[in-house]
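A short write-up of the structure that comes next.
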Amino acid sequence: MNSATVRNLLVRGMLAGLGAGVLALVVAYVLGEPSVNSAIGFEEAHSHEHEMEVVSRALQSTAGLATGVLVYGVAFGGIAALAFCFALGRVGRFGPRATALLLSGTALLAVYVVPFLKYPANPPSVGDPDTIGKRTTLYFLMMVLSVLLEVAATQLGKRLAPSLGTWWATVVAVAAFVVVIGLAYQFLPVVNEVPKDFPAALLWRFRLSALAVQAVLWGGFGLLFGELAERQLHPAPARVSSEQPVPASN
């Protein structure tokens with residue numbers, strides 16, 4: 001893949017990330033913001049200290065949310081496009097659309113779902129400010145471990161495929177990934193800082209909305225970028241008219 005093709009795919013990846021970011025923004029605003037507002041209301045009702053807002057809540061939930069989600073979408077779209085350039089043709093005989101969807105799905109699993117199941121997202125008023133550094137470190141450690149194990153499982157499956165066949169090699173690789181991740185879940189520290197009187201339904205809705213935003217972002221990117229990459233790498237042939245010119249009669 002030459003540099004011009006990589007550059008074109010990078011631009012398309014950023015555009016696809018922007019489009020996916022718009023979809024994720026809608027989900028975040030419709031599903032996530034009501035839970036955030038409820039959590040802030042809970043925090044204010046149970047706090048004796050009232051801090052002055054530097055940025056109004058209305059601005060945070062509109063322009064601030066849009067800026068954060070869209071910038072993140074463009075950035076991750078460019079990174080994912082570069083990963084696509086490396087993965088195309090190396091993970092099986094998949095075309096651009098299938099490779100983009102496969103890349104998005106596995107990245108969503110490794111980068112977000114696996115760390116999320118161990119250290120799920122929490123709304124405002126949940127968590128001790130003094131432990132934010134520790135919680136952030138544990139989350140990124142889980143994310144890096146998940147990505148490395150997913151790469152290792154992929155390599156294991158490719159090495160076992162000639163002897164076991166594609167199906168059983170995949171089963172063994174997935175099983176190995178699940179076992180090692182399970183051990184990581186068991187041995188890494190548990191973080192549980194949810195207040196006893198915090199509404200369980202609110203916590204559940206917030207975490208589901210956070211998962212939905214990421215699923216829409218990565219899934220939307222896979223579909224959009226897959227289509228753009230397909231058109232870039234396999235352009236449709238120009239139509240040739242089947243009608244033959246009729247010679248002019250004398």
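The values are calculated or read from the model by the stated rules, or taken from the named source; none is laboratory data. Small disclaimer: the values here were computed from a predicted structure and weren't measured. Side chains included, ligands, DNA and RNA excluded: accessible areas come from the protein's heavy atoms. Shrake-Rupley method; radii C 1.70, N 1.55, O 1.52, S 1.80 Å.
Can you tell me, using C-alpha contacts under 8 Å and at least 6 residues apart, the relative contact order of region 106-230 as a whole percent?
On the way: 65 pairs, mean separation 44.3, N = 125.
Reported relative contact order: 35 percent.
Take each uninterrupted DSSP H stretch in the chain, measure its Cα extent along the helix axis, and return the ones at 27 Å or beyond whose mean Kyte-Doolittle hydropathy is at least 0.0. It would help to have the intermediate numbers written out before the result.
Working: long enough: 3-27 (36 Å, 1.49); 65-87 (32 Å, 2.03); 132-164 (47 Å, 0.86); 166-187 (32 Å, 1.80); 200-233 (49 Å, 0.89).
Length and hydropathy pass: 3-27, 65-87, 132-164, 166-187, 200-233.
Which whole-number value in Å² is the accessible area per residue of the chain, probe 1.4 Å? Spell out each step's value before the answer.
On the way: 15650 Å² over 250 residues.
That works out to 63 Å² for each residue.
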